[in-house]
1. Hey, any idea what % of the stretch 133-175's accessible area is carbon plus sulfur with a 1.4 Å probe?
2. Per the Kirkwood treatment, what hydrodynamic radius in Å, one decimal, follows for the chain from the mean inverse distance over all distinct Cα pairs?
3. DSSP beta bridges in the chain, what fraction antiparallel, as a percent rounded to 5?
4. Filter the trypsin sites (Lys or Arg not before Pro) in the stretch 237-319 down to the DSSP loop ones having no more than 13 other Cβ atoms within 10 Å, then list what survives.
5. For the chain, what's the relative contact order in percent, using C-alpha pairs closer than 8 Å and at least 6 residues apart?
6. Considering only protein heavy atoms, what per residue accessible area in square angstrom results for the stretch 2-101 with a 1.4 angstrom probe?
7. Taking the Cα-to-Cβ direction at E113 and at A57 and moving 7 Å from each Cα, how far apart do the two end points lie in nm?
8. Within the set of other residues whose C-beta is less than 9 Å from the C-beta of T24, count the net charge using Lys and Arg as +1 and Asp and Glu as -1.
Amino acid sequence: MSDAAPVHRMPDGTVKQVGPLTGTSVWTVPGRAHRPLAPPREQVRELVPGDERRLCAFCVDRYLETTPEKARLIGPDFDEVRRVPASALFAQDAQFRRFANLFEIVSAEYWRENHGFRQPAAVFEWAQDYLTDPVGLEHITALAAIRARASGTETSLEEAALDLLGGSHDVIVARRHVVDGATHDDQLVSSGELTPDEHAAYVAFTVRSLAEIEAAQPHAAYVAVFQNWLRPAGASFEHLHKQLVAIDEHGPQVDRELRMLAADRGLYQHRIADVAVEQRLLVAATDGAVAFAGIGHRYPSFEVYSTAAENLPHEHSERGVRAVSDLVHALHAATGVHVPTNEEWHYRPRRAPWPMPWRVLVKWRISTPAGFEGGTKVYVNTIDPWELRRRAVVELERLRGEGRLAPGIRIGDECVAADAHLRYADEAL
């Protein structure tokens with residue numbers, strides 16, 4: 001390949017990359033790819049019966065340590081129950097729960113003071129009902145005290161309840177902290193430890209929550225959706241959860257992509273999908289999504305693109321959401337439980353003028369940018385895209401042989417160029 005291409009290998013084996021969407025410069029130097037992805041944990045604690053239900057504030061015996069539930073999924077069919085009263089929280093273990101982050105990135109006060117936002121009548125009524133329940137009153141009182149100690153300011157219980165129930169930064173938490181029957185606290189449940197059906201329910205629940213936050217916060221330009229797994233990736237708890245944060249601007253990366261789209265509506269097809277096919281970087285595909293080893297990322301990264309015509313996650317059909325979920329699940333399973341990862345969702349903002357596909361990035365947080373990166377803005381990624389693809393394909397084939405992946409996933413060389421046809425902008429081209 002020419003030096004102008006987004007990825008090329010030099011004679012000594014060094015791989016140089018430039019992120020097609022970000023412009024980030026990345027090098028992979030020979031000899032640095034064989035370090036362990038996940039160093040052994042320094043301290044592993046033996047569990048006694050019952051520990052698995054109370055290891056952190058997200059665990060099932062500690063529901064009252066989180067904010068009031070906006071919704072939960074229960075039972076084998078993942079039935080959705082909304083606005084669970086505090087007195088009913090422990091009636092049944094939830095498969096997945098949605099509630100406000102106690103310490104929001106963008107707070108309810110931010111929307112109130114900067115945009116004049118006021119909660120709708122339905123939230124006022126819910127707050128009153130919650131405070132009428134003695135358990136709910138005690139719950140809000142305890143949470144308000146925690147917030148007051150952290151911020152140095154006190155609010156009334158009514159205002160605290162409104163902010164907790166009507167905020168725009170939500171958390172979606174899975175039931176298990178560790179695997180069923182775990183004997184030690186390092187037997188964690190990551191996304192890849194879920195079954196494909198559990199993961200599909202988790203993703204679909206997140207998609208619905210995204211739509212609700214957009215509808216509830218009219219001043220939001222975008223809702224960031226992400227998952228931090230393990231502390232090196234930014235997680236406060238080693239308990240599987242996603243976060244959704246409404247913000248009043250797109251952010252620089254989306255703005256950059258919109259400027260690029262103004263000149264090339266087929267940006268993601270031309271600069272991402274076609275290059276992945278050319279460079280043999282397709283990792284896996286379903287009928288509705290495709291996964292690549294990404295180019296130009298600071299960390300080894302997989303990119304999962306929906307191949308559907310829809311842009312926003314909540315515009316997708318149930319089948320379209322499942323297609324994306326199955327590939328994301330497979331990549332998490334191939335990554336392993338003890339590798340720190342970030343999962344990031346990207347999609348077209350609702351007021352954006354150009355089509356953009358829904359895509360999910362899974363990043364292995366296995367290195368720490370330091371002085372070299374800070375001084376040069378050249379990032380050292382220890383695994384190049386071809387090696388990342390090779391590792392993933394080997395592991396995905398093993399997992400499929402064990403029956404741990406969703407049916408219908410094509411892996412490695414089973415994928416064809418047509419799997420990478422992105423339909424998000426077909427009508428615009």
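1. Taking all protein chains in place, the stretch 133-175 shows 57 percent carbon and sulfur surface.
2. When all Cα pairs of the chain are included, the Kirkwood radius is 22.8 Å.
3. In the chain, DSSP labels about 95 percent of beta bridges as antiparallel.
4. Counting only loop positions with at most 13 other Cβ atoms within 10 Å, the trypsin sites (Lys or Arg not before Pro) in the stretch 237-319 are R280.
5. 18 percent
6. Accessible surface, normalised per residue, equals 53 Å².
7. 2.2 nm
8. In short, +2.
The values are calculated or read from the model by the stated rules, or taken from the named source; none is laboratory data. Quick caveat: nothing in here was measured; it's all calculated off a predicted structure. Every residue, glycine among them, receives a Cβ derived from its backbone with ideal geometry; neighbour counts consider all protein chains shown. Just so you know, the surface numbers come from the protein's heavy atoms only, side chains and all, with ligands and any DNA or RNA stripped out. Shrake-Rupley method; radii C 1.70, N 1.55, O 1.52, S 1.80 Å.
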